[in-house]
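Shown next, in structure tokens, is the structure this report addresses.
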Amino acid sequence: MAPRTQVKEYLALWFQLGHAAVTNENRRRELCPQPVFQRDDSQHSGYTAEFEQAWSEILNGASEFYLEGAPIAIADLLSNAWDIIPCANCMMPIPTSLVVQGVKPCICEHLSVWPNPDLPKPRLPISDKSYLCNLCERLRTSPSQVSA
Ligand SMILES: [Zn+2]
């Protein structure tokens, strides 16, 4: 099963390559929030409000939304039948299923522009908060008994 955070990262990475989350119902929706990340004053980066908004909208209509070029409903990705693995060709996340047969390979098979070594690789938010917390904790608790 692909955990929710993994599906979120899957969308975040493909949005950076301009692939939208779409529905093909009558009221066709297309969501590709840009930018996906924002940087705060420190070196952290997190998802933008636009992305979080789109993500909650996608979750609400998870059975209708799918990633453009990979017609597997987000709801299915969140089910037990699917997992998300890195593509062997481009390292982007792709859905894989042991249950569903005849799964199409990665979107990159049909992209002439990707993978492109000249383009920056899509990335995930950087948060070193936990690292800093650990560091603070260590400093607070470390006995300053180191003798010179
Ligand atoms: Zn690929």
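The values are calculated or read from the model by the stated rules, or taken from the named source; none is laboratory data. From a predicted model like this one, the values you see are computed outputs, not experimental measurements. Virtual Cβ from ideal backbone geometry, glycine too; neighbours counted across all protein chains shown.
Observations on the model:
- With respect to the conditions (1) under 15 Å from the mean Cα position of the chain (by Cα); (2) not in a loop (DSSP other than H, G, I, E, B), Glu109 falls short on a single one, namely (1).
- Residues in the stretch 54-64 include none that are closer than 15 Å to Leu13 by Cα and at pLDDT below 90.
- If you filter the stretch 23-53 down to residues that are surrounded by 15 or more Cβ atoms within 10 Å (Cβ to Cβ) and of a type in the set (A, V, I, L, M), you find that the one that is modelled with the highest pLDDT is Leu31.
Condition check ((1) hydroxyl-bearing (Ser, Thr, Tyr); (2) exposed (fewer than 11 other Cβ atoms within 10 Å of the Cβ); (3) at pLDDT below 90) across all residues:
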| position | (1), (2), (3) |
| --- | --- |
| Pro86 | no, no, no |
| Glu109 | no, no, yes |
| Asn116 | no, no, yes |
| Pro125 | no, no, yes |
| Cys133 | no, yes, yes |
| Ser142 | yes, yes, yes |
| Ser147 | yes, yes, yes |
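- From the options Ile94, Ile58, residue that is in a strand (DSSP E or B), without any contact (Cβ under 8 Å) to a residue 60 or more places away in the chain and surrounded by 15 or more Cβ atoms within 10 Å (Cβ to Cβ): Ile94
- Residue match in the stretch 25-43 (condition: at negative phi, within 16 Å of the ligand (Cβ to nearest atom) and assigned to a strand (DSSP E or B)): no
- Some residue of the stretch 63-73 being within 16 Å of the ligand (Cβ to nearest atom), among the β-branched types (Val, Ile, Thr) and within 13 Å of the chain's Cα centre (by Cα): no
- Residue-level analysis places Pro122 among those that are touching a residue at least 24 places away in the same chain (Cβ under 8 Å), in a loop (DSSP other than H, G, I, E, B) and more than 18 Å from Phe65 (Cα to Cα).
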